[in-house]
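Following: one structure in structure tokens, then a few remarks.
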Amino acid sequence: MKFFTATQVIVFCLFSLNVFAQSPQSVGQDHPDRTQPVEPFKIIDNIYFIGTTIQAASYLITGSQGHILFDTTFEDRVPMMLENIEKLGFNPRDVKMLIGTHAHSDHVGGHSLMQEMTGADILSSEEDKGVVENGGDGSWAPAEVNRVIDGGDVVSLGEIEIKVHDTPGHTPGTLTFTMVAEEEGQKYNVILLGGLRIATRPLLGNKDYPNIADDMAETFYYLQNLPVDVYLGAHGYWYDLRNKIPRIPQEGYRAFINPEEYRRAVDGWQQVFVNMLAEEGKALVK
Ligand SMILES: [Zn+2]
């Protein structure tokens, strides 16, 4: 992904700013979103939340030929995730694929143990594969990647079909996933957003990640043009999950139809990106 120069990125972003944008904030170590366990629940159709907290979000997509699990979070959460799968009436041994949104400890840290417990294959982007396999240089248990996936691929298992999208920037190999859910005869475009926070600086002249600014700019543009009815993310607080859970008994899956929330979040992160870029640009011309 390198269609834009950094200058083009700045100009392009300045024109696409949305003044109502709001970037989802991260939550501190003691925040209840990190500390309070969450009971597993159905989101929509065959998509379930099995994460152990709002922060440590994990999703199970179920099917007659087996299930796909997104984000194993941390290794010490794996037993509770397995319990959550059983609480929902599914068998952990039927989980056939483990997919991380990106190679950070809170998304792939449990891969190795989860693979051992389920026998599932691990799927990763080419760019993040090395980090998954070396355990973030010793930050978590290394796990062997069984299959590389890339933007444009469709991951299928029985009747499950999940489209893979390259959305680099947060890490060079961050992926986003979309699928179609059906409820009461209606189809809904579901997105599982991989990550948009800027995880490494500087944006200009970054030796570890030279294309970061161009990647991010293109990712924002790409995501702003995807059709979305149900926005889910690699952390529950991105889409205000805390306030949606109490609505489920009344509203069911409708509590998760939130296209405006998606637009606001993507635009918000873009605004953070543009502000940082402008700041770095100013420092350069001083
Ligand atoms: Zn991350």
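Throughout, read-outs are computed from the coordinates displayed, never taken from laboratory work. Just so it is clear, the model here is predicted, and its values are computed rather than measured. Reconstructed Cβ throughout: ideal geometry from the backbone, glycine too, with neighbour counts over all protein chains shown.
Here are some notes:
- Note: relative contact order over segment 6-285, using C-alpha pairs below 8 Å and six or more positions apart, is 20 percent.
- Extended-chain gain in nm, criterion 0.36 nm per residue less alpha-carbon gap, E279 and A199: 27.2 nm
- Lys/Arg +1, Asp/Glu -1 at C-beta; the chain dipole; positive extreme among G119, L157, M276: M276
- Helical mean residue ellipticity (222 nm; -39500 (n - 2.57) per DSSP H run of 4+; nearest 500) of the chain: -9500 deg cm²/dmol
- Beta-bridge orientation, segment 6-285: approximately 65 percent antiparallel, per DSSP, counting only bridges with both partners inside.
- Segment 252-286 and segment 72-142: distance between their alpha carbon centers, rounded to Å: 28 Å
- Compared with the direct C-alpha span, the chain from D121 to R147 gains 8.6 nm at full extension, assuming 0.36 nm per residue.
- Hydrodynamic radius (Kirkwood) for segment 6-285, which is based on Cα pairs only, to one decimal in Å: 19.1 Å
- At least 30 Å along the helix axis (C-alpha) and Kyte average at least 0.0, DSSP helices within the chain: none
- Here the gap between D137 and E159, fully extended at 0.36 nm per residue and compared with their Cα-Cα distance, gives a gain of 4.2 nm.
- Simple label model, 7 Å out from Cα along Cβ direction - E75 to S105, nm: 1.1 nm
- For K163, the lysines whose Cα falls under 28 Å of its own Cα, not counting residues fewer than eight places away in the same chain, are K2, K42, K87, K96, K129, K187, K244.
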